[in-house]
Amino acid sequence: MKTCRSGIFLKMNICAALLGVSAGSALAQPTDRTVLKLSLEEAIRYGKAANRSVKVFKMEEDATRLDWEDAKMGMLPRVQTNAAFQRYTKVVLFDGAIGDPHAIPKPPSPNAGALALESSFNVYGGGRQKASVTDGKLRSELAGIQTKEQEAAIGLQVVLQYLDMVKYIYQERLIDDQVNRAQTRLNNITTFYKNGKVTKSDLLRAEVQVANIELNAIANRNDYQISQQRLNTLFDVDAGTQIVPVDTAALFLQDSVEVSALLNDPSGNYALRKVQHQQLLQENRIRLTQSFNRPSVSLFGGYGFNYPNTFLFPPVAQTIGVGTVGVKLTYDISSLYQNSNKVKAARLRTVALGEQQRWVADNVSQEVQALTIKYHEAAHRLRVIRKSIEQAETNLHIQTTKYANQLSLLTDLLEADNLYQETRFNYLQANIAATAIYYRLLFISGKL
């Protein structure tokens, strides 16, 4: 996670240096509801920790880790015990084929039972056990990457909603400033109208402008509430919770050197890392399939008690204890032709994943370059708009003076006011856009 460091980030103080409006905002005022005052970095961390979808991914990650542990347990000896008891009915004997039947108790006893403990250990299985453990390990690592990707995706969504809220706070200040100018202008025009210096048309236009600006203020407040509700959903908190952004005193523009570093290091991209792990999984699947073409060797042993004693002839009604130990070798000859197509198919999928990896890498590189270009464009736009704000403000003062002296039309004054407001809006949007692009670059680079 990148943080704002001295010497790397260029401070762009909008509200104090360029906007010239009050630092207060009705949008960010807390109420009696639960209030979370968060910086941008704190909001990102909160979202990653509290988001419900991230918790689901973490559960899956824990489950795959347990699957991996289970695969490793397969390397230990298998031990099992069994016990049995049975009672036979009388044995019916026939003289000849079907003649003169008569029944006798089963010799040497109608009762039979067994108790045994058996153990086996796989000495060699063609690499099957090792491939199973590797498969579990790779799947666990892949689940970890997916969890990190989901955390980063939620972090990016938090950033975008947070920046939207900051934008609406700044816009509220701009609109309040415009309302004050419009109201002052309306008061002056009302006085001019009463003195017969302007027509009714000017008064109506001034009143309409005030009404339109107030409508813009209402729409801006609604947009702020919508962004806050979305952030509440990302945080998995109650809808009544009020989130107050505290990173509103200034916005920061990242240095071009920092952005260029992201351009040169896309290796942490989550999509690229996932396809790399999928390729490793497929290669391991080839080894697993090939293991069925090899023989298996295992050791086995056991000890048990049996009743009656059938090791002697005739059987004796007594309990006998006996143990066994040995080596078992098995080889499935049919695997030579049954697994051949499976191995070929697995190899083709491995080649396909290699091509997919190169395709993903090319797309990631292209997207990083595109975002870098747009970032530099936004930074250049900021420098241009700063000069435009100064020019628009000077023009507004000129038009205000000329209108007061009845040397220009109200239309010219309103156009000058709208131009001044528009340039300040454009600067705000360009600054927010540049910050959002930087965090998108962090996400694509796997560093968010």
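The values are calculated or read from the model by the stated rules, or taken from the named source; none is laboratory data. Quantities reported herein were computed from a predicted structural model and do not represent experimental measurements. Quick reminder, even Gly has a Cβ in these numbers, built from the backbone with ideal geometry, and neighbours come from all protein chains shown. Please note that ligands, DNA and RNA were not included when accessible areas were found on the heavy atoms of the full protein model with its side chains. Shrake-Rupley method; radii C 1.70, N 1.55, O 1.52, S 1.80 Å.
Observations on the model:
- Couplings for segment 53-66, taken from phi via the Karplus curve 6.51 cos²θ - 1.76 cosθ + 1.60 with θ = phi - 60°, read 5, 5, 4, 5, 5, 5, 4, 5, 5, 5, 5, 5, 5, 5 Hz in order; Gly and Pro are left as x.
- Solvent exposure ordering (accessible area, 1.4 Å, most first) of 164, 362, 417: 362, 164, 417
- From the C-alpha gyration tensor of segment 42-86, square roots of 5λ in Å: 43, 13, 6
- Cα-based Rg of segment 145-253 normalised by 2.2 N^0.38 Å, two decimals: 1.58
- Residues of segment 276-318 with amide N under 19 Å of the 7 Å Cα→Cβ point at residue 332: 284-299
- If R0 is 56 Å, the Cβ-Cβ spacing of residue 356 and residue 216 corresponds to a FRET efficiency of close to 0.70.
- Share, in percent, of DSSP beta bridges within the chain that are antiparallel, nearest 5: 90 percent
- Residue (of 127, 110, 97) at the positive-pole extreme of segment 46-136, dipole from beta-carbon charges: 127
- Intensity falloff of segment 374-448 expressed as log10 I(q)/I(0), Debye formula with alpha-carbon point scatterers, at q = 0.17, 0.19, 0.23 Å⁻¹: -0.68, -0.76, -0.92
- Candidate lysines - alpha carbon under 16 Å from residue 402, same-chain residues fewer than 8 apart omitted: 197
- Spatial separation of Cα centroids for segment 350-376 and segment 150-170, in angstrom: 25 Å
- Residue-level accessible surface for residue 311, protein heavy atoms, 1.4 Å, Å²: 130 Å²
- Probe 1.4 Å, accessible area per residue of the chain, Å²: 56 Å²
- Rg over Rh, two decimals, segment 274-328 (C-alpha only, Kirkwood Rh): 1.48
- Based on every Cα atom in segment 69-220, Rg and the maximum pairwise Cα distance Dmax equal 46.3, 141 Å.
- The ellipsoid equivalent to the alpha-carbon distribution of segment 67-121 has semi-axes of 47, 12, 8 angstrom, derived from the gyration tensor eigenvalues as √(5λ) and listed largest first.
- Counting only DSSP H runs of at least 4 residues, each contributing -39500 (n - 2.57), and dividing by the residue count of the chain, the helix-based mean residue ellipticity at 222 nm comes to -22000 deg cm²/dmol.
- Backbone geometry of segment 405-419 corresponds, through the Karplus equation with coefficients 6.51, -1.76 and 1.60 at θ = phi - 60°, to 3J(HN,Hα) couplings of 9, 6, 9, 8, 8, 4, 4, 5, 5, 5, 5, 5, 5, 5, 5 Hz, x marking Gly and Pro.
- Per residue Cα convex hull volume in Å³ - calculated over segment 172-226: 50 Å³
- Angle between the chain longest axis and helix 200-235 axis [Cα atoms, degrees, rounded to 10]: 20 degrees
- Using 0.36 nm per residue and subtracting the Cα-Cα separation, the extra length available between residue 312 and residue 402 on full extension is 19.7 nm.
- The convex hull around the C-alpha trace of segment 33-145, projected and averaged over every direction, spans 18.1 square nanometres.
- Packing rank of 234-247, 138-151, where each peptide gets the mean count of other beta carbons within 10 Å, highest leading: 138-151, 234-247
- The Cα-based radius of gyration and maximum Cα-Cα distance (Dmax) for segment 362-417 are 19.6, 63 Å.
- Label-point gap, in nm, between residue 76 and residue 370 - each point 7 angstrom along Cα→Cβ: 5.2 nm
- Read-out Rg and Dmax of the Cα atoms in Å, derived from the coordinates shown; its label in (1) 39.5, 141; (2) 21.3, 65; (3) 26.3, 113: (1)
- Placing unit charges on each Cβ (+1 for Lys and Arg, -1 for Asp and Glu) gives segment 148-219 a dipole about its Cα centre, and among 157, 174, 208 the Cα reaching farthest toward its positive end belongs to 208.
- Over every Cα atom in segment 252-402, the radius of gyration and the widest Cα-Cα span, Dmax, amount to 36.5, 130 Å.
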